[in-house]
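The values are calculated or read from the model by the stated rules, or taken from the named source; none is laboratory data. Remember, it's a predicted structure, so these values are computed and weren't measured experimentally. Accessible surface areas use protein heavy atoms only, side chains included; no ligands, DNA or RNA. Shrake-Rupley method; radii C 1.70, N 1.55, O 1.52, S 1.80 Å.
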Amino acid sequence: MALGIAALSAPTLSAQTPRFASLDQMIGGDAGSRFGETFATLGDLNFDGASEFAVGSPGYNAGHGLGSGRVTIYSGATRQVLYHLDGIVGVDSLLGLTLDVIGDFDHDGHGDLLVGAGGHVPAYIVSAATGIRLVELVSNTNGQVGMEATVIGDINGDSFPEFVLGFPAETRDGHTNTGLAIVYNGTTALPMHEIVGRAAFDNVGEIMIGPGDLNADGTPDLLIGIPSLDNHGLTAVSGATGEILYHMKRAELGMSISDLAVTGDFNQDGHADFLATGYRYGNSGLQWVDGVAKIFSGADGSLLMTHSDGHLEDFGRRSEAIGDVNGDGFNDIGLVATPLSQSWQVRPNVIIISGQDGHEMGRLSSPTPQGLVITLGGIGDTNNDGRDEFLIGVPQDWFAQSTYFGQAQVMTFLN
């Protein structure tokens with residue numbers, strides 16, 4: 001069954017404030033497809049004035065009983081399907097597990113897609129315009145389960161952005177799940193260097209972003225979150241040299257990190273800054289946790305802003321820069337909070353944070369308890385109103401008594 005636009009009779013996300021509205025809803029066409037797991041903004045592929053976007057369904061099985069995966073490319077203007085990129089049965093196990101836009105690899109005038117597949121071939125470079133696989137990124141890793149990817153930017157001066165594949169389950173020198181991140185040349189798609197965890201269960205490659213130029217040396221850098229209990233924190237790595245710029249442990253951060261997101265130069269000091277989301281222990285004397293989001297200076301790791309509700313929430317299982325949603329010239333941030341209600345039900349909220357000053361612009365909530373995983377992605381200004389739209393995905397939503405069809409909604413900010 002094809003993926004397409006569905007009627008709004010299915011469960012939707014509702015705004016707790018009247019500042020956001022849903023323009024469209026799309027529903028996965030296959031049980032277990034996990035439609036809405038990942039997103040990417042592709043630019044204007046069909047020259048209609050609106051940016052197209054991609055949605056990943058890593059559990060899609062194409063009728064073969066195997067989750068080989070699928071990526072669907074949509075028109076930004078009409079939300080109609082332009083084409084599907086289906087996983088290769090027996091080769092790909094989770095095509096669409098990650099989606100990132102890299103440079104114009106095939107020189108056709110459009111940025112291309114880095115698509116995580118999670119199988120024998122962990123990732124592909126794919127033409128965004130045609131869906132043709134351009135490169136297979138085969139690695140000699142043993143930790144492809146849970147693979148992640150991110151784009152850093154141009155670190156070697158050839159005008160093409162480099163990218164990173166993360167393998168958090170990689171075992172090295174007998175250290176289980178120490179993790180591995182491989183930096184690839186954006187022009188040749190060949191490995192440039194590796195970053196390996198220092199100890200077992202560091203899971204390097206699970207949490208990472210390319211925040212921009214942290215140390216103002218003219219070269220974009222890399223941030224890696226370390227989720228292990230022993231070394232929990234984050235490490236800033238120089239894109240120019242591969243050297244560690246600084247490392248911040250959990251005690252210095254005042255939180256445990258669930259995710260990282262790009263903010264740009266939040267404090268206007270010439271350095272890229274970043275958002276860390278996760279949790280910290282509450283002040284009630286009990287071992288509950290408070291959800292917290294913090295913006296840190298990329299230059300030295302100093303704290304710039306804190307956002308927390310001070311009650312049972314775990315922020316940032318997903319957090320994402322979603323574009324300038326209110327048209328004020330600053331890129332805004334979406335994060336997911338998972339509050340625990342008095343009836344012990346978890347219904348996540350999406351919180352939109354201003355990229356200008358960090359204030360909370362609004363919230364959207366899931367009315368159904370099945371939406372335990374929510375994903376976010378910016379898709380640019382699809383309706384030419386001067387404000388960027390964004391996608392909210394619920395890959396574990398279900399319909400017609402089946403499981404995990406998944407859904408995605410196109411959201412817009414209202415004046």
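Here are some notes:
- For the range 106-221: accessible area per residue (Å², 1.4 Å): 38
- Judged by the ratio a/c of the largest to the smallest principal axis of the C-alpha gyration tensor, the range 88-144 counts as prolate, that ratio being 1.5 or greater while a/b is larger than b/c.
- I125 accessible area, 1.4 Å probe, all protein chains in place, Å² to nearest 10: 0
- Convex hull projection area averaged over all views, the range 135-201, Cα basis, nm²: 4.5
- Heavy-atom accessible area for S51, with the other protein chains in place and a 1.4 Å probe, reaches approximately 20 Å².
- Amide H within-cut-off set for L42, under 5 Å, with H built and near neighbours excluded: E52, F53, A54
- Compactness of the range 30-104 is given as radius of gyration and Dmax, 12.7, 39 Å, from Cα positions.
- Quarter of Cα convex hull surface for the range 134-254, i.e. mean projection, nm²: 7.5
- Rg then Dmax, both in Å and based on the Cα atoms of the range 39-198: 15.8, 54.
- Surface accessible to a 1.4 Å probe, E389 within the full protein complex, Å²: 0
- When the residues D86, D332 are ordered by accessible surface, computed with a 1.4 Å probe over the protein chains alone, the sequence from largest down reads D86, D332.
- Backbone phi angles across the range 164-169, fed through the Karplus curve with coefficients 6.51, -1.76 and 1.60 (θ = phi - 60°), yield HN-Hα couplings of 10, 9, x, 10, x, 8 Hz in residue order; Gly and Pro are listed as x.
- Diffusion coefficient of the range 177-243 by Stokes-Einstein, Kirkwood radius over Cα pairs, 10 °C, 1.306 mPa s: 128 µm²/s.
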